[in-house]
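One structure is given below, encoded as structure tokens.
The values are calculated or read from the model by the stated rules, or taken from the named source; none is laboratory data. Just so it is clear, the structure is predicted and the values come from calculations on it, not from any experiment. Glycine also receives a Cβ, built like all others from the backbone with ideal geometry; neighbour counts cover every protein chain displayed. These accessible areas exclude ligands, DNA and RNA; they are computed on the full protein's heavy atoms, side chains included. Shrake-Rupley method; radii C 1.70, N 1.55, O 1.52, S 1.80 Å.
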Amino acid sequence: MIHMRFYFSLYLFSCLMLFPVFRFDCDVWADDPVFPVKEVTVKDLNFSPEHFFDLREDTFDRNEVDFNKGWLGIFMENHKGKGVRVEVVVDGSPAHVSGLVKGDVITKVNDSELNRDDDGNLVQFKRIMEETGKDTVLSLTIVRNGIEMVVKPRLTAKLVENMNGPVQYQTHPFPASYPFVTDERVKGRSIKEEESFFAFLLQDREFKEKFRKTLQRIGEEAFVRESYHAQNSINLFRLSLIDYLMSHPLNVPSCSEIIHHHLTDRSPLQSFSSAARFLDLAPYVPLQRERSDITCSLQEFAENVLRTIMKSLEVRKTSLNGLTQSDFRFLYDISSRLWMESDNSGAQNIEGFLETATKIDLSMLMKSSLMVLESIPIEQLRRIPTETAKLHPFDLPDSQTVIDNSVKRGNGSVNVSGFGGDVLFIQEVKGIGKVVVGGPKTTWYYDDAAFIIDVGGDDYYLNNAGASRDEASISVCIDLSGNDTYTSRTKFCQGAAQLGTGILLDLGGDDRYMGNEFCQGSGLFGMGFLYDDEGGDSYQADLFCQGCGSFGIGFLRDNNGNDVYLGRMFSQGIGLTKGAGGIIDLKGNDVYFTGAKYPDFRDSERSCRSLGQGFGFGIRPDTVTVGASGGIGVLIDERGNDTYHGDYFAQGSSYYFSFGMLYDKRGCDR
């Protein structure tokens, strides 16, 4: 018998209304003056898990949105008994134009005084702003450095009426519709009223009205003006999936099923192609039809991958044509630091980062990555006999053989600078970088390489191991068998990418992966992929690891074995701005642990932040004035008796217009 559990979250930066509390059957509760209690019975009712949230009627009506609500453009705190204190002023906002500055205390709005001791000042102030309406001039009495004065801002609209979807990338414009999630696909099935718990609840008139108002308010948040390009009618970084779910929040389970299907029931190429569409990128058209029945030698297979890398580099170059050299260096240097709390990046850095990011043709950049992935059909690779494989230097243009031990192997061991053990040969290929081939015995890889293929043996990778770095923008590492060890303390290793493509495929053995930051399936402006086919494996890393994507895609896929995943923060399925990240584990009794290193300010002595295990994260403009919506983070475990440990923000959660999902299909889990 199959049972499924969903843990998911769509961060809704909204004002929720109070629901009445329903008491089922006849449990005795004390009367609550805040939450009115109603007695109902569910006797003889059978609610379907599949249709639990279904409703036949629409839950959001765009025609009811009040686009006249006013917006001032400040972040504030209650100043007990004296008003509200301005903490941040959004650049270019009505507050900024009128002369409001940080530290001002607003004591009166028109004739309404703000003199409450509790947070009622904030509630009153926000209500006045919304009810006053756009294009209205307010009279704000403020106190600055002990001196009372009046400023008169003209409010602009809080909600952007002509919001028209995600940015259309320069070279490949395409419709902003979301092909995987439509009302017809999600709601087009037969629904029986007695199967839906929400349909049952909405029989209560009072609940139905409050429920409708709440969902309406949630849907309105899709039109909220974000701080980045505050006057722009186009929301540059908001994913259409997020906008869809803002107006259809009860369809989260159905959308989760669709995402699960597209990421697990297909080949890696198809999964990544679907993930690109989740990010509203142009669809990838395969260069050739995927076929797993074609046979070839390992030599032919490897040469085809290398020739595809050469073509892919040209596509990548085209995708970056909008960047100057200084733009490129700025992105390369700041993109991995921006998300680090120790960096303390201000609004200027964040805005510069986002502005520069729009100059990249992300669809074209993803195409260059998918071209490489398409050239590595894993089913075909599995069928190539490796025991009798004979490899010799590849016939490639502009290549130089550094060492060739493929004909006369001697004792099967060689030591050259950067590599040791069973090295068959090393080549330098112009434009690609270093190509290294290891034999069936143990090989040590110390220096970075653009392309590695290792036939077997218990190997040691102390290098990039299939991760793009400055000197090799596309890197592929394929290990066919053996109990291997991958370890590095350098950023971007073990199937990771920055402004490029990084792929690590390990097809056999009980392997150990130890990394630091941006590793183990991490894609930052590009695609990072770690694929482990079988064996009981262990994954250990610190930050932005084990399936993390930002302006790109990062996946870690493990097909078999009892595996252990240890990450400290931002790990195990993370979707940052314009990114999709995930772990996909198909089989085994697995352990997922994230946290225990970075204290959370809410309880710093006893708790830590996890920010993982299916977590979406955006840049909320609170401590800075610039922000951007988040991405899609998923953790999918298909079967096995699994254990999950997480602290603050974990296990299907999200923050600031993003989506997080933990999908565990079967097993007795903890």
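Looking at segment 609-670 alone, DSSP beta bridges between its own residues are antiparallel in about 10 percent of cases.
Taking θ as phi - 60° and the Karplus parameters 6.51, -1.76 and 1.60, the scalar couplings of segment 542-552 work out to 9, 10, 6, 9, 6, x, 9, x, 9, 6, x Hz in sequence order, x denoting glycine and proline. Highest mean packing comes first when the peptides 585-593, 93-101, 513-521 are listed by Cβ atoms within 10 Å, giving 513-521, 585-593, 93-101.
Accessible area ranking (1.4 Å probe, heavy atoms, ligands and nucleic acids excluded), largest first, for ASP111, ASP280: ASP111, ASP280.
Karplus-based coupling profile of segment 490-495, in residue order and whole Hz: 8, 4, 6, 8, 6, x, with θ = phi - 60° in 6.51 cos²θ - 1.76 cosθ + 1.60 and x standing for Gly or Pro. Rounded to the nearest 10 square angstrom, GLU300 shows an accessible area of 110 square angstrom against a 1.4 Å probe.
Taking the dipole about the Cα centre of segment 567-626, with the C-beta of Lys and Arg at +1 and of Asp and Glu at -1, give me whichever of ILE584, VAL626, SER571 is farthest to the positive side. With unit charges placed on the Cβ atoms, the residue in question is VAL626. Length gained on full extension, ARG266 to SER139, computed as 0.36 nm times the residue gap minus the Cα-Cα distance: 39.7 nm. The lysines whose alpha-carbon is closer than 23 Å to the alpha-carbon of LYS208, local same-chain residues fewer than 8 away aside, are LYS38, LYS43, LYS187, LYS192.
Converting phi to 3J(HN,Hα) with the Karplus coefficients 6.51, -1.76 and 1.60 and the offset θ = phi - 60°, segment 475-487 yields 9, 10, 10, 10, 10, 8, 6, x, 8, 9, 10, 10, 8 Hz in sequence order, with x at every glycine or proline.
Give LYS102/LYS359; LYS126/LYS213; LYS102/LYS126; LYS430/LYS491 a once-over and call out the pairs whose C-alpha atoms are over 27 Å from each other. Over 27 Å Cα-Cα: LYS102/LYS359. Counting only protein heavy atoms and using a 1.4 Å probe, the accessible area of PHE75 comes to about 60 Å². With 0.36 nm allotted per residue and the present C-alpha distance subtracted, the PHE328-GLU355 stretch has 8.5 nm of extension available. Local charge for SER399 was computed over the other residues whose Cβ lies under 13 Å away, with Lys and Arg +1 and Asp and Glu -1, and equals -2.
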